[in-house]
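Each remark here refers to the structure printed beneath this line.
Values quoted throughout were computed directly from the atomic coordinates according to the rules given, and no laboratory measurement underlies them. Predicted, not measured: the structure shown is a model, and the values here were computed from it. Neighbour counts run over all protein chains shown; Cβ positions are idealised from the backbone, glycine included.
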Amino acid sequence: AAVESAPAIVIGSGYGAAVAALRLGQAGIRTLVLEMGRLWNTAGADGKIFCNTASPDQRSMWFKTRTEAPLATFLWLDVVNKDISPYPGVLDRVHFDNMSVFVGRGVGGGSLVNGSMAVTPLQSYFAEQFPTVDVTEMYGTYYPRARAMLGVNTVDPAWFESTEWYRFSRTSRKAAANTGLKTTFVPSVYDFGYMQREAAGTATKSALGQEVIYGNNYGKKSLDKTYLASALGTGNVTLHTMEKVTAISRAGDGTWLLTAQRIDDTGAVVETKQYGCTYLFLGAGSLGTSELLVRARQTGALPALDASVGTGWGTNGNVMLGRANHLWDTVGANQSTMPVMGIDDWANADNPVFAEIAPLPTGLEHWVSLYLAITKNPERAAFSWTNGALKLNWSAAQSAVSVSMAKKLFDRINSANATIYRYDLFGSSSKIFADDFTYHPLGGCVLGRSTDNYGRVKGYSRLYVTDGSLVPGNIGVNPFVTITALAERTMARVLAEDTAP
Ligand code: FDA
């Protein structure tokens, strides 16, 4: 096949990729973005682009025959998941031994499916995780730049206190306060002005209409509305969708060669394409970038990649759990899908945990307080390319570390409130902590180990990583603001030093 060439290619279109595409385009560098998922801009038969969590259809998940929502059951009943026909839907759940990873598929990557929580980590913890990065510059320049570009905003506290849609957060806050724990508001990229109009009945419901993990039709400032829209607006950026890069190698003249498979809506490969570029940016996410690099090293295509490539992977300590409230502590039948509050016990040196107060919108009162805990789990795993597939050596014992940290915190909350855990949410009554999935895959090409201090991959020139694989397995809060800010930092440096004529 003929090789299609561009000065720069960006693989993926999530946070790290979107930043790279915009900054390259603004610098006047012709850039091609290759994304394996769909462009989500066309309404289905119901007039909506995305489906909601209550009645998921084929648009919900990436080539599955049944949805695989994080909550398996409700009152032990298999009522949550639905049969669907295989289709390039927006949410994928990738299964490894002992751990499955949720990721977004489509133009915008994880921004299409995530909870919009836009959290900047504690400066001291960032410095601990990134000892070689100048924190003054990070917190003075790149975090503010990322937050501004992403459209971060905060819920109006007065509205929060009065609306039925956040009763679930207030009830969890009360339980935390009874335990002597601190709660904090969490910023978001969901437009709270829009949400208030949803509540007032003057705008079509999205966050208030059970839309989140399978996409939001309104209100959310996903990357296709922010960074990627601006990138395309430069006139220098082109986007190819439904094309999965499967191999990267280096040509004799030092340029990059890529193989990509274009698929159709059934998943069949309809074309194998070859691309060439001078500058290659990997933004395929922790899983995607790790796969491309580990595969290239193991197959001999890029033998000079560092031995650390594929290592340093972690779950950000994710654990999900539910508590059962007393009958008088209602959480409300109406719940916004966008979390706005967390229990912040990260300063507790014995057991650092940041627990997001998560919604469980079912349309009826269920008395469940749901949480996604981020624990300071130090366990890490490594990827390998084995028998033609990506493998991850995460063990159940490594998840147990997250559980014991979450349990310590929530045992305190239960004891202070005379409440218990919910036993009916995760498939079997012996399972009260969902420790077998993560929303926050991080690592695989860690900054300063597999790359230099700016995301330049060691062993090769003009090869860059800009996504979550740079983060060493844990960042203590929801990660997308950090991924975006690090990508801004990389692009500022690369455009100043590497691409100048
Ligand atoms: P990201 O995963 O966003 O993008 C990678 C893109 O590359 C995808 O579009 C993928 O399809 C594509 N790709 C992969 N391999 C490819 C290949 N070989 N060829 C072509 N394309 C390829 N974070 C947060 O901060 N706040 C929150 O509230 C939440 N909530 C949340 C909920 C849920 C359900 C999920 C799944 C995740 C979150 N997250 C989150 C996590 C957050 O979404 C995540 O950390 C970022 O999206 C990661 O950004 P990256 O740039 O690393 O890759």
Helical contribution to [θ] at 222 nm, DSSP H n ≥ 4, -39,500 (n - 2.57), averaged over the chain, rounded to 500: -7000 deg cm²/dmol
With an 8 Å Cα cut-off and a minimum separation of 6 or more residues, compute the relative contact order for the stretch 78-174 in percent. 12 percent
Mind listing the phi-derived Karplus ³J(HN,Hα) values for the stretch 453-465, rounded to whole Hz, using 6.51, -1.76 and 1.60 with θ = phi - 60°, and x for any glycine or proline? 6, 10, x, 7, 5, 5, x, 9, 9, 6, 10, 10, 10
For a label point 7 angstrom out from the Cα of residue 177 toward its Cβ, which stretches of the stretch 359-392 have the backbone nitrogen within less than 15 Å? none
Among 55-64, 171-180, 441-450, 281-290, how do they line up by average Cβ neighbours within 10 Å per residue, starting with the highest? 281-290, 441-450, 55-64, 171-180
Only helices at least 24 Å long along their own axis, judged from Cα atoms, and with Kyte-Doolittle mean hydropathy of 0.5 or greater: name those in the chain from DSSP H. 480-497
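Starting from the Cα gyration tensor of the chain, take the square roots of the eigenvalues, sort them a ≥ b ≥ c, and report rounded, prolate or oblate (rounded when a/c is under 1.5, otherwise prolate if a/b is larger than b/c, else oblate).
prolate
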Residue separation times 0.36 nm, minus the C-alpha to C-alpha distance between residue 154 and residue 253: what's the value? 30.6 nm
Can you compute the modelled spin-label distance between residue 500 and residue 202, with each label point 7 Å from Cα toward Cβ, in nm? 5.2 nm
For the stretch 137-254, rounded, prolate or oblate, judged on the Cα gyration tensor with a ≥ b ≥ c (square roots of eigenvalues), a/c < 1.5 rounded, else prolate if a/b > b/c? prolate
How big is the antiparallel share of DSSP beta bridges in the chain, given as a percent to the nearest 5? 75 percent
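Report the relative contact order of the chain, percent, no decimals, based on alpha-carbon pairs under 8 angstrom and at least 6 residues apart.
Reported relative contact order: 23 percent.
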Check cross-link reach from residue 391 to the lysines: straight Cα distance under 27 Å, and skip same-chain residues fewer than eight apart. 64, 244, 273, 376, 431, 458
Toy charge model, Lys and Arg Cβ at +1, Asp and Glu Cβ at -1: the chain dipole around Cα centroid in debye, rounded to 20, equals 240 debye
Using a Förster distance of 56 Å, the FRET efficiency for residue 365-residue 238 (Cβ separation, nearest 0.05): 0.65
Contact order relative to length for the stretch 50-99, counting C-alpha pairs under 8 Å separated by 6 or more residues, stands in percent at 42 percent
Least to most buried among 240, 366, 326, by other C-beta atoms within 10 Å and fewest first, runs 326, 240, 366
